[in-house]
Each structure stands twice: as C-alpha cells, then as structure tokens.
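Everything on this sheet refers to the single structure shown next.
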Amino acid sequence: MRAVLSKTPGGPETLVVEDVLDPTPKAGEVIIEVKAVGINYPDTLIIEDKYQFRPERPFSPGAEVAGVVEAVGEGVKGVRKGDRVIAVPGWGGLVERLAVRAETVIPIPDAMSFEEAAALIMTYGTSYYALKDRAQLKAGETLLVLGAAGGVGAAAVELGKAMGAKVVAAASTNDKVEFALELGADNGLIYPSGPMDKAAQKELSGEFKLATGRDGADVVYDAVGGDYADPALRAMDWNGRYLVVGFPAGIPSLPLNLTLLKSVSVIGVFWGAAVMRDPKAHAANMAELMQMYADGKIRPRVSKTFPLEKAGEAIKALGDRQALGKIVVTVES
C-alpha cells in the first residue's frame, strides 16, 4: 500500500510517498480502508519534532481518518466489515490502510460524506471539549474566537452558536471574517497580521471590547497566541475564562496581574490527553456532536482537498494559514 512518510525531521517538503506492507489486524484491532484524512495543526508540528508526541521514524502523519472497515481481528465485537467509521490514531493516518483498536472507532451516518467525517472529530472534538468541559460556556454569554476561520476556530463559532452564546469572530482577513459570519457569528473584526507593538495591541484591545460589548467577553477561545493574547485578555469581563488552544503566532506571555484584577481564569485545552484520560466523557461528547450534526446545528466545512500524493502540499497550506475551515486529503485505493 502507499503511505506518506516522515523519515527525517523537517517541513512538508521532507515527506515522501512510498509503498509499504499492508497491515494485518491483531487481536482487538480492525483494519480501516482509508477514504479521507483530516489535516490539522499538529500535523505541521509532529513532522518537525515540535509536537507533544514524537513517534519513532519512519512514521506517517495524519491524526484523523474516515473510511470503511476492511477486516476485523480476533475478539472484536460491535464492529463489522463494511462499517463506515472515523478514528483518531494521533498519527499514521496518511496511508491506504490503517490498523486501530476496535474500541476507538466511531460509526458515522450514511448521510455524512467521508470528507466531512474526516473534518469532524479533531476540530469539533477539541472545540466542544474546550467550550463545554473547560469553559462551561452558558447560553447568553459572549464568546470571542481568535482564528475564527481555521479548523478549530470555525468549529468553535458553530458550537458557540449551537450552545446559545453571542459569538464574535476575529481573523486576519476580510474573507476569513466573512466566512465566520456565514458560519453564524454575530459579529466579526479583522485584526492585523504580524507582530504588534504596545500601541497596536492597545488599539486592538479596544476593538475587541467594542465588538464584544460594554462588559467584554465572557470566554476567549485563543487558537492563535502571539501578540493577540494580551489584547484579548484585556477585553474580558469579570470572571472570564481564557481558553489556551494553540500558538501558530507564537507562545504569548500573559500579564497575570490582569487575571487577578478581572478574576479571569486561564484554562489549558489539551483535548488529545483528555480523550486518553477520560474515554467515557469523550464518547459522550462525540455522541452529542453527532446529534448536533443530525439536527443541522453543525456542518464541517471542507475548503480544499488534496490527493494522497500531495499530502505535503496540504500540510503546507494549513501551516501557511491558507485554510477556511478544514483541509482534507482524499485516498483512492
């Protein structure tokens, strides 16, 4: 079978496509014939050895897959050959066939395309865990989403609306803000690209405050980091919750005196670890997300697809922050 491999640390240009042996199912495993692979920000980091996990090389990136169960191992119950499923192996997904533990696969409805399915679990799983479990977002509260047009940001916009919040979408271009408004955001603003001095940060904080209302944001969903964090924190309301989701613009240094003055909680969001620590809570969240999809409250937006041979280009496009919604690699066996 074909596989996209990382053999040496580096950017997307270091990835190669090679033929490798097909996997065989061990006891408790199933083999998925992969149809689509969602590309996520961790894919840009893991191939450069900058992610929390460092798999032994050679390995394939690709954290979430959708496909059809091709074979089942000894002792597998509840999963059958021919089932349409999604799974989150963490890495290893940019292949034609993948072995995963049977208990980790999630069935998908017939109405959901493989491309949509591959765009669902990590972005919506992360954002739902962040908003529901970590921030405990309530109906009527104000949610400010930074990076509102990216995968997790777009999911946060949709989920925030589904949970009854007022959603303010912030992004770096007019097209991205318009995209977030189409997803249901109540208001939007364009923030500057690149580094900001203190004066520019102060100005941006005022724009955040104006967009979120007199009292400011109850919850900030920060999937950007960098110089945007300080202005967002300054625009928060009393007892606000600041969600730390990602740092494509760099790891910020927050003025902790403001967290004291505003009684703000800074909350880390490490969805992957949470899934491993509490699989029952993850399963419950996924069931709720599937119901939201069935009810039409959420719908993964796939902005662009790439074939397996161009998976490196897909990862580069995400790393260059070109995505509106999700980028997906499709796999033709």
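The values are calculated or read from the model by the stated rules, or taken from the named source; none is laboratory data. None of these values were measured; they are calculated from a predicted model. We place every Cβ from the backbone using ideal geometry, glycine too, and count neighbours over all the protein chains shown. For the accessible areas, the whole protein counts, side chains as well, though only heavy atoms, and no ligand, DNA or RNA atoms are used. Shrake-Rupley method; radii C 1.70, N 1.55, O 1.52, S 1.80 Å.
At-a-glance table
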{"item": "GLU207, sole failed condition from (1) farther than 27 Å from TYR124 by Cβ; (2) in a strand (DSSP E or B); (3) not basic (Lys, Arg)", "result": "(2)"}
{"item": "Within region 168-195, tally of residues that are assigned to a loop (DSSP other than H, G, I, E, B), open to solvent by less than 70 Å² (accessible area, probe 1.4 Å) and in contact with a Lys or Arg (Cβ under 9 Å, 6 or more places away or on another chain)", "result": "4"}
{"item": "Test: LYS262 is touching a residue at least 40 places away in the same chain (Cβ under 8 Å) and among the basic types (Lys, Arg)", "result": "no"}
{"item": "Every residue from region 240-258 that is farther than 18 Å from GLY216 by Cα and either open to solvent by less than 30 Å² (accessible area, probe 1.4 Å) or in contact with a Phe, Trp or Tyr (Cβ under 8 Å, 6 or more places away or on another chain) (or both)", "result": "VAL245, GLY246, PRO248, ALA249, GLY250, PRO252"}
{"item": "Enumeration of residues in region 24-66 that are in contact with a Ser or Thr (Cβ under 9 Å, 6 or more places away or on another chain), among the small types (Gly, Ala, Ser) and without any contact (Cβ under 8 Å) to a residue 60 or more places away in the chain", "result": "SER60, ALA66"}
{"item": "Candidates ASP227, ASP237, ASP218, filtered to the one that is at pLDDT 95 or above and either assigned to a helix (DSSP H, G or I) or surrounded by fewer than 15 Cβ atoms within 10 Å (Cβ to Cβ) (or both)", "result": "ASP227"}
{"item": "Single residue of GLU33, GLU74 found to be more than 23 Å from ALA117 (Cβ to Cβ) and among the acidic types (Asp, Glu)", "result": "GLU74"}
{"item": "Within region 47-71, considering residues that are modelled with pLDDT under 95 and in contact with a Pro (Cβ under 7 Å, 6 or more places away or on another chain), the one least open to solvent (accessible area, probe 1.4 Å)", "result": "ALA63"}
{"item": "The listed residue being touching a residue at least 24 places away in the same chain (Cβ under 8 Å), open to solvent by less than 10 Å² (accessible area, probe 1.4 Å) and either more than 16 Å from SER303 (Cα to Cα) or in contact with a strand residue (DSSP E or B) (Cβ under 8 Å, 6 or more places away or on another chain) (or both), out of ALA155, ALA165", "result": "ALA165"}
{"item": "Options GLY75, GLY82; residue that is at positive phi, more than 21 Å from the chain's Cα centre (by Cα) and open to solvent by 50 Å² or more (accessible area, probe 1.4 Å)", "result": "GLY75"}
{"item": "Test for GLU96: is it open to solvent by 10 Å² or more (accessible area, probe 1.4 Å) and touching an Asp or Glu at 6+ places or on another chain (Cβ under 6 Å)", "result": "no"}
{"item": "Tally of residues being in contact with a Lys or Arg (Cβ under 6 Å, 6 or more places away or on another chain), closer than 21 Å to GLU332 by Cα and small (Gly, Ala, Ser) across region 90-143", "result": "1"}
{"item": "Output for region 105-146, where each listed residue is under 17 Å from GLY93 (Cβ atoms) and part of a strand (DSSP E or B)", "result": "ILE106"}
{"item": "Of all residues in region 120-143 being modelled with pLDDT of 95 or more and over 15 Å from VAL269 (Cβ atoms), the one that is surrounded by the most Cβ atoms within 10 Å (Cβ to Cβ)", "result": "THR142"}
{"item": "Test result for LEU21, open to solvent by less than 30 Å² (accessible area, probe 1.4 Å) and without any contact (Cβ under 8 Å) to a residue 60 or more places away in the chain", "result": "no"}
{"item": "Candidate set: region 29-46, residues that are touching a strand residue (DSSP E or B) at 6+ places or on another chain (Cβ under 6 Å) and not hydrophobic (A, V, I, L, M, F, W, C); chosen: the one surrounded by the most Cβ atoms within 10 Å (Cβ to Cβ)", "result": "GLY38"}
{"item": "Neighbours by Cβ (under 8 Å, 6+ apart or cross-chain): first from region 173-195, touching a residue at least 60 places away in the same chain (Cβ under 8 Å); second open to solvent by 30 Å² or more (accessible area, probe 1.4 Å) and part of a helix (DSSP H, G or I)", "result": "LEU183/LYS161"}
{"item": "Search result, residues across region 284-316 that are without any contact (Cβ under 8 Å) to a residue 60 or more places away in the chain and farther than 20 Å from SER113 by Cα", "result": "ALA284, LYS310"}
